[in-house]
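Only one structure is covered here, and it is reproduced in the block below.
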Amino acid sequence: MKRTELILIGIAVLALLMKLLHLPTSGILTILSLSSISVIYMYFGFALFNNLRFRKIFKKESYKEISTKRIVGGVGAGLALSISAIGILFKFQSWPGASVNLIMGIVGLTVVTIISLIKMKKNTDNYYSNILKRVVGFGAICIFLFVIPTKTWLGWKYPNNPEYIQSVLDAQANPNNQELWDKVDEEREEMYDEMNQ
């Protein structure tokens, strides 16, 4: 399962770079890779962090040497990483709710980091260091994406579309003004029509 995780993370990094370079198919690759990473962490985090192979997770004898605390810890870490991956996906796709997912991911990853650091002092096992490596990586990305100003982010994503950027900033400044959000939709459609020509 670690190989699958590494392959998906590699594809996600490639897709995100492609997205920043405005290359075709970057959106679909971003969605597929980050969604898959989220699913792996959500449903198989306990197995991944406890070094269980996929074919052994349904066998009772695989869990004889694994404590309940480690399984619960793996589920918690998997949940925090899953939410973080969704937050990154939402931010890159400019979907509503990106900030909420990023905050939830950051909070969850902070809790997992604190627990892992405390447990690492008592236990030299690589279980906690494996979790910590993933948490620090995803946490750094989430914090960066959360603190970057909207104007800067939109400038990177849409460098050739200042009208769209301004319409988004105006709409975010007055979120209850439906006319401004309609203008955002118009500018987005116009931008995509120009890209497809």
Discussion item. For region 65-83, give me each residue that is within 14 Å of LEU132 (Cβ to Cβ) and either among the hydrophobic types (A, V, I, L, M, F, W, C) or at pLDDT 95 or above (or both).
Written reply: ALA77, ALA80, LEU81
Practice prompt. Give region 105-135 a look and list any residue that's under 14 Å from SER82 (Cα atoms) and touching a helix residue (DSSP H, G or I) at 6+ places or on another chain (Cβ under 7 Å), or say none.
Written response: GLY105, ILE106, GLY108, LEU109, VAL112, ILE131, ARG134, VAL135
Practice prompt. Filter region 59-108 for residues that are within 16 Å of the chain's Cα centre (by Cα) and basic (Lys, Arg) and give the result.
Written response: LYS91
Item to complete: Being in contact (Cβ under 8 Å) with a residue 24 or more places away in the chain, of a type outside the set (Ser, Thr, Tyr), in a helix (DSSP H, G or I) and closer than 13 Å to SER94 by Cβ is the filter here, so list the residues in region 156-188 that pass it.
Response: TRP156, LYS157, GLU187, ARG188
Discussion item. I'd like to check something: does region 148-165 contain any residue that is basic (Lys, Arg) and farther than 23 Å from GLY87 by Cα?
Written reply: no
Worksheet item: Mind checking which residues of region 112-155 are of a type in the set (D, E, K, R) and outside any helix (DSSP H, G or I)?
Response: ASP125
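The values are calculated or read from the model by the stated rules, or taken from the named source; none is laboratory data. Bear in mind that the values here come from a model prediction, so they are computed numbers and not experimental data. Reconstructed Cβ throughout: ideal geometry from the backbone, glycine too, with neighbour counts over all protein chains shown.
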